[in-house]
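The values are calculated or read from the model by the stated rules, or taken from the named source; none is laboratory data. What you see is a predicted model, and the numbers here were worked out from it, not measured in a lab. Using ideal geometry, Cβ is built from the backbone for each residue, glycine included, and neighbour counts are taken over all protein chains shown.
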Amino acid sequence: MKLNKAALFLAGAAGSLDTAAAIVLRHNASAAGGRVVASPQDIASCTKYFDGIFDRPVNKDEAIEMAVDHCAVEHKEDDRNYVCVDFKEALLAAFSEEHNSQEFSSKAFCEISEAYMLDSRGASRMENVGSGPLFNFKISSKCEPMVTAHFDPKGASSIESAEVPDLWYGICMNQDCGHYLPSRTRWCQFQMTPSHSVQVCEALLKFTTDVTKSNGATIMDAHAVCALYGDFVAATGHDVEAYEHVVHADTARRVPRPNDQARALQSSKLLNDAGGHHIRDNAGDPIKRNGAARAASAPLLAAVAGVLAAITALAA
C-alpha cells in the first residue's frame, strides 16, 4: 500500500496545527496563528541558558554544535553527559525544517525549540493507538484492529515493513477525520478535534522509515506495527526529557543510561568532539611566543651558531 504523502498533507494541514488546547504543557502555552507558542517563563529560562553559549547570532548548525559541546563539558562529571546524545537528537529534529542561512539569537532559537518540545507531547495522544504521557505510554487494545483495517489488501493479517511508514503517516494525518470539513466526512464514523500536529506525523514518518530500513525487508503483523509506534513515543520522550534536563535543569531519570563502559566511551567522544571544534574554531589565531620563551631559546641559538661556524672553519 502506497499513500500519497503530499495529498495527505494538504488534506490535513489546515486543521492539524491548532493543537494548543489538547497539549499537556510544561507551564502554560498559547497558540498564535495556529502555532504552539511556549510560555514567557519557559522562553526566558531557555534564553538565559543559551545566552551563556551563543555570543552572537548563529545558524542552526553552529547553534546545535555549540549547544552539544557545551552540554558535553557541563555534564562531564561521572560521565553524566550521556544525556547530550538525546539532547542533540531533540535539537536536530526541532530545526530540521529551518534554513541554515538563517541566524538565530538565543531568544529566536528558544522560540523554535520550546514550541517543538511542547508539540512533541502530542505523540502520546493518537486516537485508538494508546494513552498515557510520553514517559508511560501504553498501547491500546484498539490499536491492532485499527491498523489491520488499513492493511492492503483488506482482510490481510500482515504488511510488508516497507509499507509501514506510509501506513502510520496516513493514520496520523487522518486522525479519524478530525482534519476534514464536515461536508467531506459523511463517510466517517468519528468526528473530533485533532489531538496532535503535523509535526508529530512528520517525526513518525522519519522514525518508522529509519527503523524499517535498518531492520531490512520483513513482514509485520498488527502487533509489531503497534509496537513500533510505542517505540516512537518512547524515543520522543527520551529526546524531550534530555532537552528539559539540559536547558531547564529538570531531572533526567527517564533518559536511557548506558552501562559504565559505554558511558565512559561516549563521554570521551563527546569531549573530544568539543575539543576538536574549539581548536578548529580558533585555528586562525597566530601562535604567540612570550618573552620567557624567547629568552630561553637564545642560548640554544647561540650554541647552534657556534657549531656551524666551527664546521665552516674546518671545511676551509
Residue count, segment 74-109, condition surrounded by fewer than 21 Cβ atoms within 10 Å (Cβ to Cβ) and in contact with a Leu (Cβ under 7 Å, 6 or more places away or on another chain), comes to 1
Taking segment 92-114 and keeping only residues that are within 17 Å of D42 (Cβ to Cβ) and either among the polar types (S, T, N, Q) or out of contact with any Ser or Thr (no Cβ under 6 Å at 6 or more places or on another chain) (or both), one is left with F104, S105, S106, A108, F109, E111, I112, S113, E114
Would you please list the contacts, defined by Cβ atoms under 9 Å and residues six or more apart or on different chains, that run from a residue in segment 95-109 that is of a type in the set (S, T, Y) to a residue that is part of a loop (DSSP other than H, G, I, E, B)? S105/F54; S105/R56; S105/P57; S106/G52; S106/I53; S106/F54; S106/P57
Quick test of your reading of the structure: A156 fulfils all but one of (1) in contact (Cβ under 8 Å) with a residue 60 or more places away in the chain; (2) over 18 Å from the mean Cα position of the chain (by Cα). Name the failing condition by number. (1)
Considering each of D119, D86 in turn, give the residue that is in contact with a Ser or Thr (Cβ under 6 Å, 6 or more places away or on another chain) and either touching a residue at least 24 places away in the same chain (Cβ under 8 Å) or within 23 Å of H196 (Cα to Cα) (or both). D119
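Just checking, how many residues over segment 217-234 are over 21 Å from A156 (Cα atoms) and either among the polar types (S, T, N, Q) or without any contact (Cβ under 8 Å) to a residue 60 or more places away in the chain (or both)? Full working, then the answer.
Keep residues of segment 217-234 that are over 21 Å from A156 (Cα atoms), which gives 230-234.
Now narrow it down to the ones that are either among the polar types (S, T, N, Q) or without any contact (Cβ under 8 Å) to a residue 60 or more places away in the chain (or both): 231.
Total meeting the criteria: 1.
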Going through segment 146-177 in order, the residues found to be among the acidic types (D, E) and farther than 22 Å from Q199 by Cβ are D152, E160, E163
Helices (runs of 4 or more DSSP H) contained in segment 34-147 and holding at least 2 residues assigned by TED's automatic domain parsing to the domain that holds G237 and of a type in the set (S, T, N, Q): 40-51, 106-120
I'm trying to understand the selection: among the residues of segment 200-250, which are closer than 17 Å to L134 by Cα and not in a helix (DSSP H, G or I)? D250
